[in-house]
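I have placed the structure first, in the form of C-alpha cells, so that the comments after it can refer back to it.
The values are calculated or read from the model by the stated rules, or taken from the named source; none is laboratory data. Computed from a predicted structure; not experimentally measured. Virtual Cβ from ideal backbone geometry, glycine too; neighbours counted across all protein chains shown. For the accessible areas, the whole protein counts, side chains as well, though only heavy atoms, and no ligand, DNA or RNA atoms are used. Shrake-Rupley method; radii C 1.70, N 1.55, O 1.52, S 1.80 Å.
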Amino acid sequence: MPSFVRSCRVSLAVVIVGLCAGPQRAAAQSVVEPNTVTVTPFLSSVFGTATGLGGSLGLGAAITYDLTTRLGFEGEFGRVFDLLGDNANADLGVTNISANGVYNFPLPRVTPYATFGIGVEHSGLHVKTPDPAAFYPPASTEVSYNFGGGVKYPVSELFVVRGDVRRFQATDLAPDYWRVYAGLTWWIKR
C-alpha cells in the first residue's frame with residue numbers, strides 16, 4: 001500500500017507540473033474566486049478498503065462556497081455502488097454525506113488543494129439469494145471523516161476540471177477506503 005500512495009503522489013506532482021508548464025489561455029484568471037459558489041458532479045472509483053473488499057465505481061456531487069481565494073467550505077454527497085465487485089450474489093453499497101473544509105493553494109492558472117471533512121456514512125449489504133444459515137451484517141449508519149487533496153484546472157470561463165484523492169474512515173462497521181474522482185466544476189454564483 002505505501003508504494004501505491006507514493007506512486008499517487010508522484011503522479012499528482014507530474015500532472016501539476018505538466019499543467020503549469022503547458023500552454024495557457026491569455027486571460028490571467030484565478031481558479032478560485034472569493035464569495036463564489038461552484039457545483040461539481042463527479043465520477044469516482046474506490047480502492048484500498050481496510051477489510052480487503054474490492055473496488056467500485058461511484059457518482060457524487062459537491063457544492064462549494066469559496067470564502068476567500070484560500071479557504072472554502074464544501075457539502076458533498078457520494079454513492080459507491082458495490083464494494084464486493086465480483087460477487088454476483090451480493091452488493092455492498094456505501095453512501096457518504098459530508099461537510100468539508102477546503103484549503104486552496106492559489107496559483108495563476110491551476111489550484112492544488114487539501115481537504116478535511118466530517119460526515120455520515122451509510123453502508124448496506126444486499127444479498128440476492130440469502131443463505132438461511134449465514135449471518136449477514138446489518139446496515140450501518142456511522143460518523144465518518146475524510147481527508148485528501150486534489151487539483152483544479154480551468155478549461156473555460158465557466159468550467160473547471162477537478163481531480164481529487166481522499167481517504168474515508170468510519171467509526172465502526174462501515175468500510176474504510178480510498179476514493180479518486182474526476183469532476184467538472186462550474187460557477188453558479190460569481
Considering only residues that are β-branched (V, I, T) and modelled with pLDDT under 90, which ones fall in region 167-190?
T171, I188
Looking only at region 55-81, filter to residues that are part of a strand (DSSP E or B), within 18 Å of L125 (Cα to Cα) and open to solvent by 70 Å² or more (accessible area, probe 1.4 Å); which one of those is modelled with the lowest pLDDT?
L57
Residue list for region 106-149, restricted to those being charged (D, E, K, R) and either at pLDDT 95 or above or within 21 Å of V94 (Cα to Cα) (or both):
E121, K128, E142
Which condition breaks for A90 when tested against (1) of a type in the set (A, V, I, L, M); (2) without any contact (Cβ under 8 Å) to a residue 40 or more places away in the chain; (3) under 19 Å from G163 (Cβ atoms)?
(3)
